[in-house]
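The values are calculated or read from the model by the stated rules, or taken from the named source; none is laboratory data. This structure is a prediction, so every number in the text was calculated from the model and none was measured. Here the Cβ positions follow ideal geometry from the backbone for every residue, glycine too, while neighbour counts run over all protein chains shown.
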Amino acid sequence: MRTPTYRLFVPFAAITSSVLLLTACGSGSGGPAGTGAAGVAARADGVPTTDVVSAVREDGAAARLLPAGVTRLTVAISVGGTPPGTTYLPDGKTLTGQDVDFTEAVAKVLGLRLKVEQASFEAILPALDSGKYDVGASNFGVTDERRRTIDFVTYVNDGQGFATREDSGLSRITDLKQLCGLNVATGAGTTFEATLEENEHVCADAGRKAYRVQAYSEPSAVWSSVQQGRSDVVMSTINGLRYAVAHQRGLKFLNEFRRLDVGFAFRKGTRLAPAFRAAVDRLIADGTYARILKKWGTTGSAISRSEISPPELGN
């Protein structure tokens with residue numbers, strides 16, 4: 001099922017949708033499935049609801065870094081299957097997730113109102129350049145390829161990892177040649193898909209059968225493919241995979257493969273970046289940042305300060 005796009009003016013207290021929908025696509029955060037992703041996404045257990053944003057206050061120094069006259073921004077968010085990626089609370093209309101909390105918190109620091117639009121993950125970055133959205137907030141990894149056309153303001157460090165069924169014979173994956181001959185499920189338009197496609201030659205170079213990349217626009221399809229045996233392994237975000245394994249039976253986390261900075265995404269040359277960087281640094285300083293990470297169980301992804309479009313990690 002393709003998630004519909006919707007538009008909504010958002011107060012600071014909550015981001016909501018009028019659509020009753022419990023599965024959707026594409027933050028790259030992964031939507032684990034114990035009995036099928038749709039059923040998992042609809043479950044209420046394990047979704048933290050601690051309020052870590054409402055106490056955030058506007059910071060005049062950070063807000064003055066905004067371009068003159070900017071009081072409202074259009075933010076594109078992709079909805080994933082389960083936390084820490086963006087998902088729905090059991091009411092079927094209130095969005096929640098780590099990216100949601102960071103977006104709301106930054107907006108409060110800067111005194112901004114947000115117009116939120118839900119979009120598929122792979123559609124957000126191209127739409128920033130066209131001006132359709134001002135900001136993308138969906139766990140976007142900072143890569144040198146993306147930095148050619150996109151500016152980023154970092155707020156966490158996440159990265160790439162692997163998971164599979166608990167009964168799989170796969171273990172730690174340190175080299176993509178270990179995937180040769182396997183079906184690898186991942187999210188469409190993600191750094192995972194790009195990494196896999198860029199390195200497809202490694203199997204041929206080793207005289208082995210190529211792995212097959214199965215890119216899906218919806219996490220429900222990714223996880224059902226693994227559960228039903230059509231895929232052998234999932235490549236997704238470290239945080240999303242760890243959450244999947246911790247909260248769902250029948251899965252195991254294989255390992256971290258590669259770390260990446262994650263940031264808010266903007267069209268190249270944006271004048272919004274300095275204000276967003278100052279806002280993230282403010283959240284780090286006042287303790288809100290740590291509370292958001294603790295809520296979502298991602299304290300291992302903390303950064304000490306925000307950066308604007310840093311070089312890709314490891315390059």
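Kindly indicate which of Glu117, Glu122, Glu58 is surrounded by fewer than 24 Cβ atoms within 10 Å (Cβ to Cβ), among the acidic types (Asp, Glu) and out of contact with any strand residue (DSSP E or B) (no Cβ under 9 Å at 6 or more places or on another chain).
Only one candidate qualifies: Glu58.
Where residues in region 226-236 are crowded, with 21+ Cβ neighbours inside 10 Å and at pLDDT 90 or above, which of them is nearest to Gly141 (Cα to Cα)?
Top of the filtered list is Ser236.
So is Arg271 more than 24 Å from Arg165 (Cβ to Cβ) and out of contact with any His (no Cβ under 7 Å at 6 or more places or on another chain) or not?
yes
Could you list all residues from region 262-302 that are under 19 Å from Asp101 (Cα atoms) and touching a Pro at 6+ places or on another chain (Cβ under 6 Å)?
Correct list: Lys295, Trp296, Thr298.
Output the qualifying pairs, or none if there are none: Cβ atoms under 6 angstrom, residues six or more apart or on different chains, first residue in region 113-126 and assigned to a helix (DSSP H, G or I), second residue of a type outside the set (A, V, I, L, M, F, W, C) and buried (at least 22 other Cβ atoms within 10 Å of the Cβ).
These pairs meet every condition: Phe121/Gly26; Phe121/Ser27; Phe121/Ser78; Phe121/Ser138; Ile124/Gly136.
So Ala68 fits all but one of (1) at pLDDT 95 or above; (2) surrounded by 15 or more Cβ atoms within 10 Å (Cβ to Cβ); (3) of a type in the set (Gly, Ala, Ser); what number is the exception?
It fails just one condition, (2).
Consider Leu196 carefully, then state whether it is closer than 30 Å to Thr103 by Cβ, outside the structural domain of Ser224 (by TED's automatic domain parsing) and in a helix (DSSP H, G or I).
So Leu196 fails the test.
Test each condition in (1) part of a helix (DSSP H, G or I); (2) farther than 30 Å from Leu73 by Cα; (3) of a type in the set (D, E, K, R) for Lys209 and report the one that comes out false.
The number of the failed condition is (1).
Being touching a helix residue (DSSP H, G or I) at 6+ places or on another chain (Cβ under 6 Å) and either crowded, with 21+ Cβ neighbours inside 10 Å or assigned by TED's automatic domain parsing to the domain that holds Thr143 (or both) is true for just one of Leu272, Leu251. Which residue is that?
Of the residues listed, the single one that is touching a helix residue (DSSP H, G or I) at 6+ places or on another chain (Cβ under 6 Å) and either crowded, with 21+ Cβ neighbours inside 10 Å or assigned by TED's automatic domain parsing to the domain that holds Thr143 (or both) is Leu251.
For (1) in contact with a strand residue (DSSP E or B) (Cβ under 6 Å, 6 or more places away or on another chain); (2) outside the structural domain of Arg172 (by TED's automatic domain parsing), each residue gets a yes or a no:
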{"residue": "His201", "(1), (2)": "no, no"}
{"residue": "Ala204", "(1), (2)": "no, no"}
{"residue": "Pro219", "(1), (2)": "no, no"}
{"residue": "Val222", "(1), (2)": "yes, no"}
{"residue": "Val226", "(1), (2)": "yes, no"}
{"residue": "Thr237", "(1), (2)": "yes, no"}
{"residue": "Tyr243", "(1), (2)": "no, no"}
{"residue": "Arg277", "(1), (2)": "yes, yes"}
{"residue": "Lys295", "(1), (2)": "no, yes"}
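Please determine whether any residue of region 161-171 is under 17 Å from the mean Cα position of the chain (by Cα), part of a helix (DSSP H, G or I) and touching a residue at least 24 places away in the same chain (Cβ under 8 Å).
no
Report every pair of residues separated by at least 6 positions or lying on different chains whose Cβ atoms are under 7 Å apart, first residue within region 214-225 and buried (at least 23 other Cβ atoms within 10 Å of the Cβ), second among the hydroxyl-bearing types (Ser, Thr, Tyr).
Taking only residues 6 or more apart or on different chains, the pairs are Glu218/Thr23; Ser220/Thr23; Val222/Thr186; Val222/Tyr216.
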